[in-house]
Amino acid sequence: MTKDLTYWIEKGKEMVANREARIAKAKKWKFDTIATHGLYDANEALSLNNGSIMEPVYLSPAQAYENSAEMEAGLSYQMPNWCYSRIANPTTYFLEETTALLETYGSEIRATCLATASGMSAIRTATDPFLVYDKKFPNPNIVTSAKVYGGTFQQFWVRRHQEQGLEVRWVKEPENMEEWENLIDENTRFVYGEFPSNPTVGIFDISEVAKLAHKFEIPLIVDATCASPALTRPLVLGADIVIQSASKIIGGSGTSIIGLLTAKLDITSKIGSEEMKHDFATWAKLWPFRDNGPTINPMASFMTLNDLRTLRMRAEKMSHNAMLVAQYLENHPKIERVHYPGLQSYAAYKMAKKYMQLADDGRNMFGYMFAVEIGEKSENSSKNSRKFYDALQMAWRATDLGRVKTVATLNAISTHQQQGEEGRALASIKPNTCRIACGIEHADDIIADMEQALKSI
C-alpha cells in the first residue's frame, strides 16, 4: 500500500476513533482508577512502548516521520501527532488526558486539557484569546474576584491594566452575587475567580456566576488550585475553563512547576472563532501556545502524572489535618481569626458545604489550606506574627503550598508583597496574616509545632 497523504489521514481517523473508545471506557471508572490509568493501556504499551506498564518519559524535542506524506498530514493537523515538544509531547499528553477526565468526573461533559510551564502561564494562555481586538466590543473589561493569588493580581493589574490599558473590575466580596451583577456588562470579555482563593480561602457561587456570565455570552474561568478536582470540579458546576497550578496538591511531592488549563467542549464566548469555542484547549495548544511557547518539560509532566495517581487520598488526609489544626487555632487565645471553609464561623460555610466534597465519598472536605491572623494585642500583631512564624520548627517557612509537607507563609511579605497595601486590602490580607498549608504528617505533630511557636508571643 502506498503511504500517501490519504493513507495518513485515514490512519489519523483510526487513531481518533481509538482515543474516543478509550475515553468512553475511562468515563465509567471511579476517580482513583482514572487517576491511576488515564488513557494509557496495554495496547498503547505493547504497540508503542515495549510493554512498559508505566508511561515513558519522552525526552526528545521532535518526532520523526516515516515519509513526507506523514509529516504533511501531521503538521497540517490532519492526523494526531506531537511533532515538536514546544507544541506537544507524548508524556505530557498522558497527563493532559487524565486531567481532563478528572476535571469532568461524575458527568457526561467532555473536556480537553493543555499543560503549561506554570500556573501563571496557564492563566495567560486561558485569558489572552478573549482579549483580542474586536470592533463590536471596543472597550473591553474583565471582571474578577479581588481575592486572588498575588501573581494573578500582578498579571491582571500590572500587565493588563497598567501596561496595556485594559479595564479590570474587582469583585471585593465574591460571595456576594450583587457585586458580580453590578460589574459585568456588554464589554466584559470573561469572568474570573479562585475557589478557594489563595490565601484567605474566599469562595463564590460557581454555578450562579456561570449563569450570569453566560447571560452576557462570556466564559467563566476558575482557578481551583486550592481545591483540586478531588474536591471541586468547576466545569461540572457550569464554568467553562478551569486552571490548576499543578505545582501544588496535584504534584504534591514538590518536584515540578506546572500549570494545567482544562476547558470543556463548546465554551460560551462572543469572542473568537467557532473552532476556538468548540475545543478551546486543543485550539490553544495548536495555535497561540505553539507560537508563544510556554512549554512544560516532559520530565515535569511525568513527575506530576505520578503524583496525580494519589490525589484523592492526599486531598482527604490533608483536608482532615487542616480541619483539626484550624479548629485548634480558632480556639487559641493568641489567634484573632481563622479563615477556613470548614469552620462554621466561616461566612460562606453553607456554600462551601455545597461545593466541596471528596470524590466518590460524599463527605465534605474543605481543602488543605487556611489563613490565620496572629493576635494577641492588635498593635503588636505584625511583630507577633513574625515571632510565631520564626519559631516554627517542623513546618517549613516558604512560599509553597499543597505539599505533602506542611508549609507556612507570611503573605504580606511574600506572595502578595508586590501588590502594595491597597492591593492587599482588596484581597483581605493583613500584616498579621499567615497562610498554613497542611501536609500529610500526623495532625498532632502539626498542632504541637503550632503550639510551641505560639509560646514565643
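The values are calculated or read from the model by the stated rules, or taken from the named source; none is laboratory data. All values derive from a computational prediction rather than experimental measurement. Heads up, the Cβs are rebuilt from the backbone with ideal geometry, glycines too, and the neighbour counts pull from every protein chain shown.
Kindly establish whether PRO199 is farther than 20 Å from THR409 by Cα, in a loop (DSSP other than H, G, I, E, B) and assigned by TED's automatic domain parsing to the domain that holds THR262. Considered against the rule, which asks whether it is farther than 20 Å from THR409 by Cα, in a loop (DSSP other than H, G, I, E, B) and assigned by TED's automatic domain parsing to the domain that holds THR262, PRO199 comes out as no. Within region 75-96, can one find any residue that is modelled with pLDDT under 95, farther than 30 Å from LYS30 by Cβ and assigned to a helix (DSSP H, G or I)? For region 75-96, residues modelled with pLDDT under 95, farther than 30 Å from LYS30 by Cβ and assigned to a helix (DSSP H, G or I): present. Taking helices (runs of 4 or more DSSP H) as the structural unit, those lying wholly within region 251-335 and holding at least 1 residues that are of a type in the set (Phe, Trp, Tyr), in the same structural domain as GLY375 (by TED's automatic domain parsing) and surrounded by fewer than 23 Cβ atoms within 10 Å (Cβ to Cβ) correspond to 311-330.
Scanning region 127-140 for residues that are in contact with a strand residue (DSSP E or B) (Cβ under 9 Å, 6 or more places away or on another chain) and either small (Gly, Ala, Ser) or in a helix (DSSP H, G or I) (or both) returns THR127, PHE130, LEU131. Residues that are touching a strand residue (DSSP E or B) at 6+ places or on another chain (Cβ under 8 Å) and either of a type in the set (A, V, I, L, M) or surrounded by fewer than 18 Cβ atoms within 10 Å (Cβ to Cβ) (or both) within region 342-356 comprise SER345, ALA352, LYS353, MET356, listed in sequence order. Taking the numbered list (1) crowded, with 24+ Cβ neighbours inside 10 Å; (2) touching a Leu at 6+ places or on another chain (Cβ under 8 Å); (3) farther than 19 Å from LEU308 by Cβ in turn, PRO140 passes all entries but (1). For region 430-454, name all the residues that are basic (Lys, Arg) and either at pLDDT 95 or above or closer than 15 Å to GLY367 by Cβ (or both). Once the filter is applied, which keeps residues that are basic (Lys, Arg) and either at pLDDT 95 or above or closer than 15 Å to GLY367 by Cβ (or both), region 430-454 yields only ARG435. On inspection, THR36 fails the criterion of being touching a Gly at 6+ places or on another chain (Cβ under 7 Å), under 22 Å from ARG309 (Cα atoms) and assigned to a helix (DSSP H, G or I).
Conditions tested, residue by residue: (1) at pLDDT below 95; (2) of a type in the set (Lys, Arg); (3) under 21 Å from MET351 (Cα atoms); (4) part of a loop (DSSP other than H, G, I, E, B).
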{"residue": "ILE142", "(1), (2), (3), (4)": "no, no, no, no"}
{"residue": "LYS147", "(1), (2), (3), (4)": "yes, yes, yes, yes"}
{"residue": "PHE153", "(1), (2), (3), (4)": "yes, no, no, no"}
{"residue": "TRP157", "(1), (2), (3), (4)": "yes, no, no, no"}
{"residue": "GLU163", "(1), (2), (3), (4)": "no, no, no, no"}
{"residue": "ARG169", "(1), (2), (3), (4)": "no, yes, no, no"}
{"residue": "GLU179", "(1), (2), (3), (4)": "no, no, yes, no"}
{"residue": "ASP185", "(1), (2), (3), (4)": "no, no, no, yes"}
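Checked against (1) over 12 Å from GLY193 (Cα atoms); (2) out of contact with any helix residue (DSSP H, G or I) (no Cβ under 7 Å at 6 or more places or on another chain); (3) without any contact (Cβ under 8 Å) to a residue 60 or more places away in the chain, GLN155 passes all but condition (2). Within region 107-126, the set of residues being touching a Leu at 6+ places or on another chain (Cβ under 7 Å) and in a helix (DSSP H, G or I) comprises ALA122, THR125, ALA126.
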